[in-house]
Amino acid sequence: MEPLGQDDFAAIEGQLKDCVEQDRRYWRVNDVKCDAIYTAKTYEEFADRVAAAHLRPLERSDYKKKKNSGWNQYASREKKEYDE
């Protein structure tokens with residue numbers, strides 16, 4: 001039997017990272033299911049909550065990253081061209 005090489009360790013590390021992420025995802029969805037089973041009023045609401053389990057709430061820092069640009073950048077560009 002040959003000793004394990006660097007490629008083998010890299011493959012094992014990749015598999016471990018994938019398994020850990022799958023485990024996190026499973027428990028996150030499971031927690032949402034356990035909460036929604038008692039609080040959801042309809043099956044559609046339950047299904048929507050489970051489908052959105054991967055989302056996280058916005059934090060204050062997310063709002064600071066917002067660009068201060070108009071909704072329609074092309075309309076504002078045309079306005080500038082007409083003003084000149």
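None of the figures in this text is laboratory data; all of them are computed from the coordinates on show. Bear in mind that the values here come from a model prediction, so they are computed numbers and not experimental data. Neighbour counts are summed over all protein chains in view; Cβ atoms, including those assigned to glycine, are modelled from backbone coordinates with ideal geometry.
Things to note:
- Between the listed residues Tyr38, Pro3, Gln22, the Cα displaced farthest toward the positive end of the dipole of segment 1-57, a dipole computed from Cβ unit charges relative to the Cα centre, is found at Tyr38.
- Each residue of segment 20-25 was assigned a 3J(HN,Hα) from its phi angle through the Karplus curve 6.51 cos²θ - 1.76 cosθ + 1.60 (θ = phi - 60°); the sequence is 5, 5, 4, 5, 4, 4 Hz, with glycine and proline shown as x.
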